[in-house]
Amino acid sequence: MGILDFPIHGRAAAKQPDTGLAKALDGFSIEVMPRTAAKVPSFSDILPAGTRVYIANIDGTPLDDMVATAKRLTEDGFAVMPHIPARMIESRAMLEEWLRRYRDEAGVDQALVLAGGLPAPRGEFDSSMQLLETGLFEQYGFRRLHVAGHPEGSRDIDPDGSTRNVDAALQWKQEYACRTGTEMAIVTQFVFDARPALGWSERIRANGITLPIHLGVAGPARLQTLIKFAMACGVGPSIQVLRKRAMDLTKLMLPYTPAEVLSGAANHLSSHPGSLIKQMHVFPLGGIVAAADWVRDHRAEATRDSACSA
């Protein structure tokens, strides 16, 4: 956290709390898969009340498991946001079944709508925009929808390396939100370097995007685990941070934490009060309990140190 002790007249000075990091974590969201959720005895013991919990839809996960996980989290008082990946949905009827079951069985009224990681669609839907165009989200009362953001670009969407298609898609989604009255936000892929994401957020704001951004960061994990996920998810320039870390023998065996990314984001937000970045979303790549514990400990430590230095 960058908290150091400096000797003054033979005594240690009070710790300097990283209150910016703690503030950046206020209102954080996190995600879980049904199979990992089943291993957590009580989410209320590890997450603040009302935390938004995304439910990741991994290919092959039965809908019954997704809905059961959503129902459990809703009943425990969390804001539940299941993934709705377009390329996994074979038909309009299937999408309608998903939304109806989430609403009726789990009390869900929000979702993350995205294309999904499959190389080819299973049916008629290839993009999140096609899902939104069905009108089914409004019909089934899903009034809060999040969409994917790509701070480092997406070769899947823009094979030529530009940002033309992703920029146009964000503009379309913003217009959809205005037209339908949907509460919408952008949640980004995880990054290991705040700078590209911060630059991207300022660029799209300058281009007229006003949707709030929830910046994705990786929770604490082994370096090897993060490199595997980064390669699989197509994380771009910021993966160089991990590669440099792997070359440093003093850091190679230490677990990665998002402290540096979060502190960089906090510094930016303090000097850019109009930034679109409003919250952080934690990808628990090293386990949800480890991620939740890290967030809790760092928020509590900064708060405690701030009180002691007052």
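Being open to solvent by less than 30 Å² (accessible area, probe 1.4 Å), modelled with pLDDT of 95 or more and outside any loop (DSSP other than H, G, I, E, B) holds for only one residue in Val40, Val53, and it is Val53. Of Leu276, Leu285, Leu226, Leu242, all but one fail to be at pLDDT 90 or above, within 22 Å of Ala148 (Cβ to Cβ) and of a type in the set (A, V, I, L, M); the exception is Leu276. Just one of the listed residues (Arg143, Arg87, Arg122) is open to solvent by 30 Å² or more (accessible area, probe 1.4 Å) and closer than 21 Å to Ile58 by Cα, namely Arg122. Counting the residues of the range 100-111 that are aliphatic (A, V, I, L, M), outside any loop (DSSP other than H, G, I, E, B) and buried (at least 23 other Cβ atoms within 10 Å of the Cβ) gives 1. When the residues of the range 188-217 are narrowed to those that are part of a helix (DSSP H, G or I) and either free of Cβ contacts under 8 Å to residues at least 60 places away in the same chain or touching a Lys or Arg at 6+ places or on another chain (Cβ under 8 Å) (or both), which ends up farthest from Pro284 (Cα to Cα)? If we take residues in the range 188-217 being part of a helix (DSSP H, G or I) and either free of Cβ contacts under 8 Å to residues at least 60 places away in the same chain or touching a Lys or Arg at 6+ places or on another chain (Cβ under 8 Å) (or both), then Ala206 is farthest from Pro284 (Cα to Cα). For Ala115, the conditions (1) under 19 Å from Thr180 (Cα atoms); (2) touching a residue at least 40 places away in the same chain (Cβ under 8 Å); (3) open to solvent by less than 40 Å² (accessible area, probe 1.4 Å); (4) not charged (D, E, K, R) all hold with the exception of (1).
Being of a type in the set (A, V, I, L, M) and farther than 20 Å from Val53 by Cβ is a description that applies to Met94.
Can you tell me how many residues in the range 62-84 are of a type in the set (Val, Ile, Thr) and open to solvent by 40 Å² or more (accessible area, probe 1.4 Å)?
Looking only at that region, the number is 1.
A Cβ distance below 7 Å, combined with a sequence gap of six or more or placement on separate chains, defines the contacts here; from the range 51-63, residues that are free of Cβ contacts under 8 Å to residues at least 40 places away in the same chain reach residues that are assigned to a loop (DSSP other than H, G, I, E, B) in the pairs Thr51/Phe78; Val53/Phe78; Ala56/Met33; Ile58/Met33.
Being among the small types (Gly, Ala, Ser) and not in a loop (DSSP other than H, G, I, E, B), is that true of even one residue in the range 129-147? Scanning the range 129-147 turns up no residue that is among the small types (Gly, Ala, Ser) and not in a loop (DSSP other than H, G, I, E, B).
Residues in the range 185-224 that are of a type in the set (Phe, Trp, Tyr) and either over 14 Å from the mean Cα position of the chain (by Cα) or open to solvent by 40 Å² or more (accessible area, probe 1.4 Å) (or both): Trp200 alone.
Looking at the structure I just gave you, is Asp160 in contact (Cβ under 8 Å) with a residue 60 or more places away in the chain, open to solvent by 50 Å² or more (accessible area, probe 1.4 Å) and part of a loop (DSSP other than H, G, I, E, B)? No: the conditions fail for Asp160. Of the residues making up the range 168-184, none is farther than 30 Å from Arg101 by Cα and either under 17 Å from the mean Cα position of the chain (by Cα) or assigned to a loop (DSSP other than H, G, I, E, B) (or both). Per the listing Gly107, Gly123, the residue uniquely without any contact (Cβ under 8 Å) to a residue 40 or more places away in the chain and in contact with a helix residue (DSSP H, G or I) (Cβ under 7 Å, 6 or more places away or on another chain) is Gly107.
The values are calculated or read from the model by the stated rules, or taken from the named source; none is laboratory data. None of these values were measured; they are calculated from a predicted model. Positions of Cβ are generated from backbone atoms using ideal geometry, with glycine treated the same way; all protein chains shown enter the neighbour counts. For the accessible areas, the whole protein counts, side chains as well, though only heavy atoms, and no ligand, DNA or RNA atoms are used. Shrake-Rupley method; radii C 1.70, N 1.55, O 1.52, S 1.80 Å.
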